[in-house]
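S.K.: Below you'll find the structure I mean.
The values are calculated or read from the model by the stated rules, or taken from the named source; none is laboratory data. All values derive from a computational prediction rather than experimental measurement. Cβ placement follows ideal geometry from the backbone for every residue including glycine, while neighbour counts extend to all protein chains displayed.
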Amino acid sequence: MVNAEIYLGSLLMIKFNKGYIYAIAAAVIWSGFILVSRLGGISELGSYDVIAIRYITCATIVLPVWWFKLRFNLLQPKLLVCSLIGGLAYALCIFKGFEQASASEAAVLLVGLIPLFITVFSTLINGQQHSKQVWLGTGVITLGVVVLFLPTLQLNSGLTMGHFYLMAGAIFWALFSVLIKRWGITPWQATASLAMITCALYLPAYLLFLPKAVSLLLWQDIAIQAFYQGFLATIVQLILYVKAVQAIGPAAMGTTMAIVPLLSGLSAIVVFNEVATIELISGLMLVSLGAWLAHQRWGNKTALI
(Lines give C-alpha, C1' and ligand atoms only; values in the text may rest on other atoms or scores of the structure.)
Protein backbone atom coordinates (compact mmCIF):
# COMPACT_ATOMS: atom_id res chain seq x y z
CA MET A 1 0.00 0.00 0.00
CA VAL A 2 2.80 2.39 0.96
CA ASN A 3 4.72 1.58 -2.24
CA ALA A 4 1.59 2.15 -4.31
CA GLU A 5 1.04 5.56 -2.68
CA ILE A 6 4.68 6.49 -3.30
CA TYR A 7 4.39 5.39 -6.93
CA LEU A 8 1.16 7.35 -7.40
CA GLY A 9 2.71 10.41 -5.79
CA SER A 10 5.71 10.14 -8.10
CA LEU A 11 3.45 9.99 -11.15
CA LEU A 12 1.53 13.06 -9.99
CA MET A 13 4.78 14.95 -9.37
CA ILE A 14 6.07 14.05 -12.84
CA LYS A 15 2.80 15.22 -14.39
CA PHE A 16 2.94 18.43 -12.33
CA ASN A 17 6.54 19.16 -13.39
CA LYS A 18 5.70 18.46 -17.04
CA GLY A 19 2.77 20.81 -16.69
CA TYR A 20 5.09 23.66 -15.78
CA ILE A 21 7.36 22.80 -18.71
CA TYR A 22 4.33 23.01 -21.02
CA ALA A 23 3.29 26.29 -19.39
CA ILE A 24 6.71 27.91 -19.76
CA ALA A 25 6.96 26.74 -23.36
CA ALA A 26 3.55 28.27 -24.15
CA ALA A 27 4.60 31.54 -22.49
CA VAL A 28 7.83 31.66 -24.50
CA ILE A 29 5.96 31.06 -27.77
CA TRP A 30 3.45 33.79 -26.89
CA SER A 31 6.34 36.16 -26.13
CA GLY A 32 7.94 35.27 -29.44
CA PHE A 33 4.66 36.00 -31.20
CA ILE A 34 5.03 39.66 -30.20
CA LEU A 35 8.54 39.79 -31.68
CA VAL A 36 7.73 37.91 -34.89
CA SER A 37 4.59 39.99 -35.47
CA ARG A 38 6.58 43.21 -35.10
CA LEU A 39 9.23 41.75 -37.42
CA GLY A 40 6.50 41.26 -40.01
CA GLY A 41 5.23 44.77 -39.34
CA ILE A 42 8.57 46.40 -40.18
CA SER A 43 9.39 44.08 -43.08
CA GLU A 44 8.40 44.68 -46.70
CA LEU A 45 5.42 42.42 -46.13
CA GLY A 46 2.20 44.27 -45.39
CA SER A 47 -0.20 43.44 -42.57
CA TYR A 48 -2.63 41.94 -45.10
CA ASP A 49 0.13 39.63 -46.33
CA VAL A 50 0.99 38.44 -42.81
CA ILE A 51 -2.68 37.67 -42.10
CA ALA A 52 -2.95 35.67 -45.33
CA ILE A 53 0.26 33.74 -44.57
CA ARG A 54 -0.94 33.02 -41.01
CA TYR A 55 -4.31 31.56 -41.92
CA ILE A 56 -3.34 29.82 -45.16
CA THR A 57 -0.61 27.95 -43.29
CA CYS A 58 -2.78 27.12 -40.31
CA ALA A 59 -5.76 26.06 -42.46
CA THR A 60 -3.53 23.85 -44.62
CA ILE A 61 -2.30 22.01 -41.52
CA VAL A 62 -5.68 21.77 -39.80
CA LEU A 63 -7.85 20.85 -42.80
CA PRO A 64 -6.66 17.20 -43.22
CA VAL A 65 -7.05 16.55 -39.49
CA TRP A 66 -10.56 18.01 -39.53
CA TRP A 67 -11.56 16.16 -42.72
CA PHE A 68 -10.23 12.69 -41.91
CA LYS A 69 -10.14 12.51 -38.11
CA LEU A 70 -11.99 15.14 -36.07
CA ARG A 71 -14.72 16.53 -38.27
CA PHE A 72 -17.54 18.69 -36.92
CA ASN A 73 -20.03 21.15 -38.41
CA LEU A 74 -18.14 24.34 -39.21
CA LEU A 75 -21.28 26.27 -40.15
CA GLN A 76 -22.62 26.56 -36.63
CA PRO A 77 -23.60 30.20 -36.01
CA LYS A 78 -21.58 30.37 -32.78
CA LEU A 79 -18.43 29.23 -34.61
CA LEU A 80 -18.98 31.75 -37.39
CA VAL A 81 -19.39 34.57 -34.85
CA CYS A 82 -16.29 33.52 -32.91
CA SER A 83 -14.25 33.29 -36.11
CA LEU A 84 -15.33 36.77 -37.18
CA ILE A 85 -14.34 38.17 -33.77
CA GLY A 86 -11.32 36.11 -32.71
CA GLY A 87 -10.03 35.45 -36.21
CA LEU A 88 -10.81 38.17 -38.74
CA ALA A 89 -11.36 41.26 -36.56
CA TYR A 90 -8.54 40.36 -34.15
CA ALA A 91 -6.01 39.73 -36.92
CA LEU A 92 -6.89 42.86 -38.90
CA CYS A 93 -6.42 45.00 -35.80
CA ILE A 94 -3.27 43.57 -34.27
CA PHE A 95 -1.23 43.26 -37.46
CA LYS A 96 -2.10 46.84 -38.41
CA GLY A 97 -1.02 47.74 -34.88
CA PHE A 98 2.32 45.99 -35.22
CA GLU A 99 3.07 48.11 -38.30
CA GLN A 100 2.74 51.35 -36.33
CA ALA A 101 3.52 50.58 -32.68
CA SER A 102 6.67 49.17 -31.10
CA ALA A 103 6.84 45.59 -29.87
CA SER A 104 7.48 46.69 -26.28
CA GLU A 105 4.33 48.85 -26.35
CA ALA A 106 2.44 45.92 -27.86
CA ALA A 107 3.60 43.77 -24.94
CA VAL A 108 1.85 46.18 -22.57
CA LEU A 109 -1.25 46.93 -24.63
CA LEU A 110 -2.05 43.57 -26.22
CA VAL A 111 -0.84 41.10 -23.60
CA GLY A 112 -1.73 43.37 -20.71
CA LEU A 113 -5.19 44.50 -21.77
CA ILE A 114 -6.47 41.05 -22.77
CA PRO A 115 -6.82 39.76 -19.17
CA LEU A 116 -8.28 43.11 -18.13
CA PHE A 117 -10.99 42.99 -20.81
CA ILE A 118 -11.63 39.29 -20.16
CA THR A 119 -12.38 40.14 -16.53
CA VAL A 120 -14.77 42.93 -17.57
CA PHE A 121 -16.54 40.95 -20.32
CA SER A 122 -16.88 37.80 -18.22
CA THR A 123 -18.63 39.90 -15.60
CA LEU A 124 -20.91 41.71 -18.07
CA ILE A 125 -21.70 38.79 -20.40
CA ASN A 126 -21.42 35.66 -18.27
CA GLY A 127 -22.29 37.22 -14.93
CA GLN A 128 -19.11 35.74 -13.47
CA GLN A 129 -18.18 36.85 -9.98
CA HIS A 130 -14.51 37.71 -9.51
CA SER A 131 -12.56 37.85 -6.28
CA LYS A 132 -10.96 40.97 -4.85
CA GLN A 133 -7.50 39.87 -5.96
CA VAL A 134 -8.68 39.57 -9.56
CA TRP A 135 -9.91 43.16 -9.50
CA LEU A 136 -6.70 44.17 -7.74
CA GLY A 137 -4.73 42.57 -10.55
CA THR A 138 -6.76 44.30 -13.26
CA GLY A 139 -6.28 47.59 -11.42
CA VAL A 140 -2.50 47.12 -11.41
CA ILE A 141 -2.60 46.25 -15.13
CA THR A 142 -4.55 49.45 -15.82
CA LEU A 143 -1.99 51.41 -13.80
CA GLY A 144 0.79 49.89 -15.91
CA VAL A 145 -0.87 51.04 -19.14
CA VAL A 146 -1.43 54.53 -17.70
CA VAL A 147 2.20 54.79 -16.53
CA LEU A 148 3.43 53.88 -20.02
CA PHE A 149 1.32 56.40 -21.93
CA LEU A 150 0.83 59.25 -19.43
CA PRO A 151 4.01 61.12 -20.57
CA THR A 152 2.84 60.83 -24.18
CA LEU A 153 -0.55 62.33 -23.34
CA GLN A 154 1.03 65.09 -21.24
CA LEU A 155 3.19 66.13 -24.19
CA ASN A 156 0.05 66.27 -26.36
CA SER A 157 1.70 63.93 -28.87
CA GLY A 158 -1.21 61.57 -28.35
CA LEU A 159 -1.66 57.91 -29.11
CA THR A 160 -1.06 56.64 -32.63
CA MET A 161 -3.50 54.56 -34.65
CA GLY A 162 -1.20 51.62 -33.95
CA HIS A 163 -1.99 51.90 -30.25
CA PHE A 164 -5.72 51.99 -30.92
CA TYR A 165 -5.48 49.00 -33.26
CA LEU A 166 -3.75 46.98 -30.53
CA MET A 167 -6.36 48.03 -27.96
CA ALA A 168 -9.12 46.98 -30.34
CA GLY A 169 -7.34 43.65 -30.91
CA ALA A 170 -7.22 43.06 -27.15
CA ILE A 171 -10.97 43.77 -26.95
CA PHE A 172 -11.78 41.35 -29.77
CA TRP A 173 -9.65 38.54 -28.32
CA ALA A 174 -11.08 39.03 -24.84
CA LEU A 175 -14.62 38.92 -26.24
CA PHE A 176 -13.75 35.77 -28.21
CA SER A 177 -12.33 34.14 -25.05
CA VAL A 178 -15.48 34.88 -23.05
CA LEU A 179 -17.80 33.67 -25.82
CA ILE A 180 -16.06 30.30 -26.31
CA LYS A 181 -16.50 29.63 -22.60
CA ARG A 182 -20.13 30.77 -22.64
CA TRP A 183 -20.97 28.62 -25.66
CA GLY A 184 -18.89 25.58 -24.61
CA ILE A 185 -16.63 25.61 -27.67
CA THR A 186 -13.78 23.09 -27.33
CA PRO A 187 -10.12 23.98 -28.00
CA TRP A 188 -10.16 21.88 -31.19
CA GLN A 189 -13.35 23.54 -32.45
CA ALA A 190 -11.87 26.95 -31.70
CA THR A 191 -8.57 26.17 -33.46
CA ALA A 192 -10.08 24.52 -36.52
CA SER A 193 -12.87 27.06 -37.02
CA LEU A 194 -10.57 30.04 -36.55
CA ALA A 195 -8.15 28.62 -39.10
CA MET A 196 -10.56 27.45 -41.79
CA ILE A 197 -13.47 29.88 -41.49
CA THR A 198 -11.18 32.91 -41.23
CA CYS A 199 -9.14 31.68 -44.20
CA ALA A 200 -12.30 31.10 -46.27
CA LEU A 201 -13.63 34.57 -45.45
CA TYR A 202 -10.39 36.47 -45.78
CA LEU A 203 -8.59 34.87 -48.71
CA PRO A 204 -11.04 35.92 -51.50
CA ALA A 205 -11.00 39.55 -50.31
CA TYR A 206 -7.21 39.48 -50.03
CA LEU A 207 -6.70 38.06 -53.52
CA LEU A 208 -9.23 40.34 -55.23
CA PHE A 209 -9.11 43.67 -53.41
CA LEU A 210 -6.34 44.13 -50.83
CA PRO A 211 -2.80 45.38 -51.51
CA LYS A 212 -0.13 42.68 -51.66
CA ALA A 213 3.65 42.77 -51.29
CA VAL A 214 4.40 39.04 -51.45
CA SER A 215 7.24 38.01 -53.76
CA LEU A 216 9.84 35.27 -54.00
CA LEU A 217 12.46 37.80 -52.95
CA LEU A 218 10.84 37.87 -49.52
CA TRP A 219 10.87 34.09 -49.07
CA GLN A 220 12.72 34.31 -45.73
CA ASP A 221 10.17 36.72 -44.25
CA ILE A 222 7.35 34.55 -45.60
CA ALA A 223 8.88 31.37 -44.16
CA ILE A 224 9.35 32.94 -40.71
CA GLN A 225 5.76 34.21 -40.60
CA ALA A 226 4.34 30.93 -41.94
CA PHE A 227 6.20 28.80 -39.41
CA TYR A 228 5.59 31.00 -36.40
CA GLN A 229 2.17 32.49 -37.12
CA GLY A 230 0.60 29.51 -38.84
CA PHE A 231 2.14 26.68 -36.82
CA LEU A 232 3.80 27.64 -33.54
CA ALA A 233 1.57 30.51 -32.37
CA THR A 234 -1.69 28.81 -33.30
CA ILE A 235 -1.40 25.02 -33.16
CA VAL A 236 1.60 24.24 -30.95
CA GLN A 237 0.89 26.95 -28.39
CA LEU A 238 -2.72 25.85 -28.01
CA ILE A 239 -1.69 22.21 -27.44
CA LEU A 240 0.89 23.25 -24.84
CA TYR A 241 -1.61 25.57 -23.17
CA VAL A 242 -4.29 22.89 -22.85
CA LYS A 243 -1.79 20.30 -21.58
CA ALA A 244 -0.51 22.76 -18.98
CA VAL A 245 -4.00 23.63 -17.76
CA GLN A 246 -4.83 19.92 -17.46
CA ALA A 247 -1.66 19.25 -15.44
CA ILE A 248 -1.31 22.28 -13.15
CA GLY A 249 -4.69 24.02 -13.38
CA PRO A 250 -5.79 27.32 -14.92
CA ALA A 251 -4.68 29.47 -11.99
CA ALA A 252 -1.08 28.24 -12.11
CA MET A 253 -1.13 28.53 -15.89
CA GLY A 254 -2.31 32.12 -15.64
CA THR A 255 0.45 32.87 -13.15
CA THR A 256 3.07 31.47 -15.53
CA MET A 257 1.70 33.51 -18.43
CA ALA A 258 2.26 36.64 -16.34
CA ILE A 259 5.91 36.56 -17.47
CA VAL A 260 4.88 37.22 -21.09
CA PRO A 261 4.63 41.06 -21.01
CA LEU A 262 7.97 41.45 -19.24
CA LEU A 263 9.73 38.78 -21.30
CA SER A 264 8.45 40.00 -24.68
CA GLY A 265 8.91 43.67 -23.79
CA LEU A 266 12.52 43.31 -22.63
CA SER A 267 13.31 41.05 -25.60
CA ALA A 268 11.91 43.69 -27.96
CA ILE A 269 14.24 46.30 -26.48
CA VAL A 270 17.22 44.05 -27.26
CA VAL A 271 16.09 42.67 -30.64
CA PHE A 272 14.72 45.89 -32.16
CA ASN A 273 16.91 48.36 -30.24
CA GLU A 274 13.83 50.07 -28.84
CA VAL A 275 14.27 52.84 -26.29
CA ALA A 276 14.09 51.54 -22.70
CA THR A 277 12.42 54.41 -20.86
CA ILE A 278 11.56 54.38 -17.18
CA GLU A 279 7.88 54.53 -18.13
CA LEU A 280 8.21 51.51 -20.41
CA ILE A 281 10.03 49.34 -17.87
CA SER A 282 7.60 50.39 -15.11
CA GLY A 283 4.63 49.64 -17.37
CA LEU A 284 5.94 46.20 -18.27
CA MET A 285 6.60 45.34 -14.62
CA LEU A 286 3.19 46.57 -13.46
CA VAL A 287 1.34 44.68 -16.20
CA SER A 288 3.19 41.45 -15.37
CA LEU A 289 2.60 42.00 -11.64
CA GLY A 290 -1.09 42.64 -12.28
CA ALA A 291 -1.44 39.46 -14.34
CA TRP A 292 0.29 37.51 -11.58
CA LEU A 293 -1.91 39.00 -8.86
CA ALA A 294 -5.08 38.30 -10.83
CA HIS A 295 -4.31 34.58 -10.90
CA GLN A 296 -3.40 34.15 -7.23
CA ARG A 297 -5.75 32.31 -4.90
CA TRP A 298 -4.82 33.62 -1.50
CA GLY A 299 -6.02 31.48 1.32
CA ASN A 300 -6.72 28.52 -0.98
CA LYS A 301 -3.76 26.16 -1.02
CA THR A 302 -5.30 23.74 -3.50
CA ALA A 303 -6.29 26.24 -6.16
CA LEU A 304 -3.00 26.17 -7.99
CA ILE A 305 -2.91 22.44 -8.56
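S.K.: Can F172 be described as within 18 Å of the chain's Cα centre (by Cα) and either part of a helix (DSSP H, G or I) or in contact (Cβ under 8 Å) with a residue 60 or more places away in the chain (or both)?
M.R.: Yes; evaluated as a whole, the condition is true for this residue.
Residue-by-condition table, conditions (1) under 16 Å from the mean Cα position of the chain (by Cα); (2) more than 30 Å from Q246 (Cβ to Cβ):
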| residue | (1), (2) |
| --- | --- |
| G137 | no, no |
| F164 | no, yes |
| L179 | yes, no |
| W183 | no, no |
| I197 | no, no |
| K212 | no, yes |
| L218 | no, yes |
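S.K.: Report yes if some residue within the range 187-194 is more than 26 Å from I29 (Cβ to Cβ), loosely packed, with under 14 Cβ neighbours inside 10 Å and not basic (K, R); otherwise report no.
M.R.: Checked against the condition, which is being more than 26 Å from I29 (Cβ to Cβ), loosely packed, with under 14 Cβ neighbours inside 10 Å and not basic (K, R), the range 187-194 yields no hits at all.
S.K.: From (1) at pLDDT 90 or above; (2) in a helix (DSSP H, G or I), pick out the condition that doesn't hold for L217.
M.R.: All conditions pass for L217, except number (1).
S.K.: Here's something else I'd like to know. Determine whether the range 99-115 contains at least one residue that is aliphatic (A, V, I, L, M) and exposed (fewer than 14 other Cβ atoms within 10 Å of the Cβ).
M.R.: The answer is no, given that none of the residues of the range 99-115 is aliphatic (A, V, I, L, M) and exposed (fewer than 14 other Cβ atoms within 10 Å of the Cβ).
S.K.: A further question follows. Taking the conditions exactly as written (of a type outside the set (A, V, I, L, M, F, W, C), over 20 Å from the mean Cα position of the chain (by Cα) and assigned to a loop (DSSP other than H, G, I, E, B)), does Q133 satisfy them or not?
M.R.: no
S.K.: Now for a different question. Looking at the range 168-194 only, could you name the residues that are among the hydroxyl-bearing types (S, T, Y) and closer than 11 Å to C82 by Cα?
M.R.: S177, T191, S193
S.K.: Can L210 be described as among the hydrophobic types (A, V, I, L, M, F, W, C) and not in a helix (DSSP H, G or I)?
M.R.: It is true that L210 is among the hydrophobic types (A, V, I, L, M, F, W, C) and not in a helix (DSSP H, G or I).
S.K.: Could you identify the single residue in I118, I185 that is hydrophobic (A, V, I, L, M, F, W, C), touching a residue at least 12 places away in the same chain (Cβ under 8 Å), touching a helix residue (DSSP H, G or I) at 6+ places or on another chain (Cβ under 8 Å) and over 22 Å from L286 (Cβ atoms)?
M.R.: Of I118, I185, the one residue that is hydrophobic (A, V, I, L, M, F, W, C), touching a residue at least 12 places away in the same chain (Cβ under 8 Å), touching a helix residue (DSSP H, G or I) at 6+ places or on another chain (Cβ under 8 Å) and over 22 Å from L286 (Cβ atoms) is I185.
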